[in-house]
Ligand SMILES: [Zn+2]
């Protein structure tokens, strides 16, 4: 456990930053830039905001996701009992280049974030981006990018083991090209959360 002794400063203009509790994304009141807090210091972070495409009366907010771009190469796999059903079930395999979506806000219960992560990663959606948070606030980003990279690899493995057939052996190479933050609009319903894209 370490303590931060240096004041945190904006990665763009150098102005001092105030932190919201547990939020790794720090906004500069001077220039409006966001910096990422990681490893006891602030860094520039690449981020984008997606436009809501679903309408709702429920409160709107923006959920941070890490988008982990990675290349997956499988050099060897051994499957028993499902080779044919794998081929005919139509489920795409996760190979080559792909964006992995990892919900980075622990305010979202895992029962929702887990489904979002898999659906977004499988479907590779396109988003219309907007320059600022419109009609809602962003919720705090609590996950660091290293954890997101590990979770991305875990999504790949979970996907491979959940499609038909018993995966007995898998040799693969999972190499991360980049990480960035994407805020997706979401609505809070009485008993659930719904993505607004
Ligand atoms: Zn600044």
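The values are calculated or read from the model by the stated rules, or taken from the named source; none is laboratory data. These numbers come from a predicted model, not from an experiment. Here the Cβ positions follow ideal geometry from the backbone for every residue, glycine too, while neighbour counts run over all protein chains shown.
Values as computed for the structure displayed
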item: Qualifying residue in region 144-163 (condition: in a strand (DSSP E or B) and in the same structural domain as residue 52 (by TED's automatic domain parsing)); result: no
item: Residue within region 91-108 that is assigned to a loop (DSSP other than H, G, I, E, B), closer than 17 Å to residue 62 by Cβ and touching a residue at least 60 places away in the same chain (Cβ under 8 Å) present; result: yes
item: Identity of the residue in region 51-69, over 13 Å from the mean Cα position of the chain (by Cα) and outside any loop (DSSP other than H, G, I, E, B), that ends up surrounded by the most Cβ atoms within 10 Å (Cβ to Cβ); result: 61
item: Subset of region 110-140 [more than 28 Å from residue 160 (Cβ to Cβ) and either surrounded by 13 or more Cβ atoms within 10 Å (Cβ to Cβ) or not assigned by TED's automatic domain parsing to the domain that holds residue 100 (or both)]; result: 130, 133, 136, 138, 139, 140
item: Residue within region 32-45 that is in a loop (DSSP other than H, G, I, E, B), within 16 Å of the ligand (Cβ to nearest atom) and within 17 Å of residue 144 (Cα to Cα) present; result: yes
item: Boolean, residue 27 is farther than 30 Å from residue 186 by Cα and either within 12 Å of the ligand (Cβ to nearest atom) or in contact with a helix residue (DSSP H, G or I) (Cβ under 7 Å, 6 or more places away or on another chain) (or both); result: no
